[in-house]
Amino acid sequence: MWFYVQHVLIPHQQADATLHGTPRGNLSDLYPRWLGARELLLRRRDPYSPELTREIQMGYYGRPLDPARPEDPKDQQSFAYPVYVVFLLAPTVSLPFPAVQAGFRWLLILVTIASVLLWLRSLHWRPPCATRVALAVITLGSFPVLQGIKLQQLSLLVGSLVAACAALLSGGAFLLAGVLLAFATIKPQLVLPVAVWLLLWSMSDWPRRKNFAWGFIATLALLCAAAEFVLPGWLGRFREAIGAYRQYTGGAQSVLDVLVTPGWGRVLAALALLVLAFVGWRLRREPSDSTTFQWMLALTLAVTAMVVPKSAPYNQVLLLPGILLTGQNWRLLWTKNRLSRIITLIASFLISWPWLTAALLTVASLFLPNQSLQKAWAVPLYTSLATPIAAVVLLSLCLSQIANQEPRVS
C-alpha cells in the first residue's frame with residue numbers, strides 16, 4: 001500500500017495537476033488549523049476571516065484560488081473547526097510549519113499504533129506479540145490511515161482519542177474517558193453519535209456511571225468557555241464557516257449519498273441512525289466491560305463512518321474496532337449459517353480489496369513501466385465506499401447473535 005501511494009497514486013495526481021494547472025502547495029490538512037491557531041494565539045486575528053483564508057490558500061495550494069479558473073479546486077481550505085482546536089496546537093505555533101508537519105506525521109504514526117493496542121485492550125483480546133505487531137503493520141498499511149498520514153489529517157488523532165476513551169471505559173476509569181471524548185469533539189461530526197449513546201448509557205446507571213457524563217460535559221464546557229475567551233462569538237463564526245464549506249463544496253456528501261443519490265442517501269442515513277438508536281436503547285444498560293457493549297460501540301462508530309457528511313477514506317479509521325472485532329470473532333460469523341458465510345465472504349472481499357490490488361500493482365511494477373501503473377491508480381479504491389457498509393453488515397450479524405447469547409443485564 002505504501003508503494004501504491006508513493007509510486008502510483010501521488011505521481012498520477014502530480015501529472016494530473018500539471019496537465020490541468022491545478023495548484024499544489026504543502027497540501028497538509030493540518031496547515032489551515034495550525035495557521036489559524038498561530039494567528040489567533042499570537043496575533044489575535046480571526047481564523048475564520050476571509051483574509052486568513054487567502055493566507056491559508058497561499059500555503060496549502062501555493063497561491064490563492066481564482067474563481068475565474070475552472071480547474072482550481074472548490075475547497076477553500078478555510079478554518080472550519082471549533083476554535084478550541086487551537087489549544088491542542090498551541091505548543092507548535094512558534095515553530096516553523098515544516099518542522100510541525102514532520103513531527104505531526106510521526107505523531108500520527110505513533111497514535112495509530114497506540115490505537116490498535118488500545119482497542120485490543122478494550123476488547124479484552126490478548127493475542128501473541130507477533131499478532132499485535134502484524135495488526136499494527138496492517139493498520140498502518142491501510143489506505144485510510146496512509147491517506148490520513150500523508151494529509152496530516154486530524155481524523156487519526158480523533159480516532160486515537162476515541163480508542164483511549166474505549167479502553168478507559170473498559171477499565172472503569174469513567175471520568176478520564178469523558179475528558180478524552182470531549183477533546184475528540186474537535187471533529188464533532190465524527191464523535192456526535194458515540195457521544196450521544198455514551199451519555200444515554202451513563203444516565204441508564206447514573207450512580208455508577210455519572211463520572212463519565214460529568215467528565216465529558218465539564219471538559220466540553222471548559223473548552224467552549226476558553227474558546228469564547230480567546231475569540232468572543234466564535235460559535236456563530238464556526239456555524240458560518242460550516243455553512244460556507246457546504247456551499248463551496250456543493251454540499252458535503254456521505255458514503256451513502258455517493259453510492260445512491262443525495263436524496264436517497266439521506267433517507268438511508270436516517271434509517272440507519274434510527275435503527276442504531278433503537279439498538280442503543282435496548283443495550284443501554286450493558287456494563288462497559290461486556291462483549292455486547294464493545295460491539296455496540298464499534299457498530300456506532302461504523303455507522304458514523306457510513307453516514308458522516310464526508311466520504312473521504314481517512315474517516316474510515318473509525319472502522320478499526322469493528323474490523324478487529326470481526327477478526328477476533330471470525331468463527332462466530334462463519335458457523336452461524338450458510339447465508340452468514342456468504343455475506344462474510346463478500347464483505348471480507350470488499351474490505352481486503354485495496355490490500356490485494358496494491359500487492360498486485362507492486363508485483364506488476366517489476367514488469368510494467370510507471371506510466372502503465374499510473375493508469376490503474378483508481379483500482380485499489382474501487383471498494384472504498386462499500387467498506388463502511390461491509391463493516392456495518394458484519395457487526396450487525398455478530399451483534400445479533402451475541403445479544404441473543406449473553407444474559408440480559410437488568
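Among (1) β-branched (Val, Ile, Thr); (2) crowded, with 17+ Cβ neighbours inside 10 Å; (3) under 17 Å from MET1 (Cα atoms), there is one condition ILE138 misses while meeting the rest; what is its number?
Of everything listed in (1) β-branched (Val, Ile, Thr); (2) crowded, with 17+ Cβ neighbours inside 10 Å; (3) under 17 Å from MET1 (Cα atoms), ILE138 misses just condition (2).
Give me the residue from region 229-255 that is touching a Phe, Trp or Tyr at 6+ places or on another chain (Cβ under 8 Å) and not aromatic (Phe, Trp, Tyr) and, out of that set, modelled with the highest pLDDT.
ARG237
Tell me, yes or no, whether region 193-216 has at least one residue that is under 18 Å from GLY36 (Cβ atoms) and either in contact with a Phe, Trp or Tyr (Cβ under 9 Å, 6 or more places away or on another chain) or of a type in the set (Ser, Thr, Tyr) (or both).
no
Inspect all residues belonging to region 22-45 and state whether any of them is over 21 Å from ARG237 (Cβ atoms), over 22 Å from the mean Cα position of the chain (by Cα), in a helix (DSSP H, G or I) and aliphatic (A, V, I, L, M).
The answer is no; no qualifying residue exists.
With crowded, with 16+ Cβ neighbours inside 10 Å and touching a Ser or Thr at 6+ places or on another chain (Cβ under 8 Å) as the only criterion, which of LEU399, LEU361 stands out?
Answer to the selection: LEU399.
Identify all residues within region 171-208 that are more than 21 Å from the chain's Cα centre (by Cα) and surrounded by 20 or more Cβ atoms within 10 Å (Cβ to Cβ); write none if there are none. I'd like the intermediate steps shown before the answer.
Here is the first cut: in region 171-208, the residues more than 21 Å from the chain's Cα centre (by Cα) are 171-176, 200-208.
Selection gives PHE174, TRP201, SER202.
Looking at region 282-298, is at least one residue buried (at least 18 other Cβ atoms within 10 Å of the Cβ), of a type in the set (D, E, K, R) and assigned to a helix (DSSP H, G or I)?
no
For region 39-55, does any single residue satisfy the condition of being small (Gly, Ala, Ser) and surrounded by 18 or more Cβ atoms within 10 Å (Cβ to Cβ)?
Looking for residues that are small (Gly, Ala, Ser) and surrounded by 18 or more Cβ atoms within 10 Å (Cβ to Cβ), one finds none in region 39-55, hence no.
Out of ALA305, ALA347, ALA376, ALA391, I need the residue that is assigned to a loop (DSSP other than H, G, I, E, B) and in contact (Cβ under 8 Å) with a residue 24 or more places away in the chain. Which one? Outline the logic, then answer.
Numbers: ALA305 fails: assigned to a loop (DSSP other than H, G, I, E, B); ALA347 fails: assigned to a loop (DSSP other than H, G, I, E, B); ALA391 fails: assigned to a loop (DSSP other than H, G, I, E, B).
That would be ALA376, the only listed residue that is assigned to a loop (DSSP other than H, G, I, E, B) and in contact (Cβ under 8 Å) with a residue 24 or more places away in the chain.
Would you kindly identify the helices (runs of 4 or more DSSP H) lying entirely within region 206-278 that contain at least 1 residues that are of a type in the set (S, T, N, Q)? Outline the logic, then answer.
Numbers: elements: 206-230, 234-248, 255-259.
In region 206-278, the matching helices (runs of 4 or more DSSP H) lie at 206-230, 234-248.
Would you say SER28 is surrounded by fewer than 21 Cβ atoms within 10 Å (Cβ to Cβ), touching a helix residue (DSSP H, G or I) at 6+ places or on another chain (Cβ under 9 Å), at negative phi and among the hydroxyl-bearing types (Ser, Thr, Tyr)?
It is false that SER28 is surrounded by fewer than 21 Cβ atoms within 10 Å (Cβ to Cβ), touching a helix residue (DSSP H, G or I) at 6+ places or on another chain (Cβ under 9 Å), at negative phi and among the hydroxyl-bearing types (Ser, Thr, Tyr).
Identify, please: which residue in region 70-84 is surrounded by fewer than 17 Cβ atoms within 10 Å (Cβ to Cβ) and among the charged types (D, E, K, R) and is, among those, farthest from ALA252 (Cα to Cα)?
Restricting to residues being surrounded by fewer than 17 Cβ atoms within 10 Å (Cβ to Cβ) and among the charged types (D, E, K, R), the top hit is GLU71.
The values are calculated or read from the model by the stated rules, or taken from the named source; none is laboratory data. Since the model is a prediction, treat every value here as computed from it, not as a measurement. We place every Cβ from the backbone using ideal geometry, glycine too, and count neighbours over all the protein chains shown.
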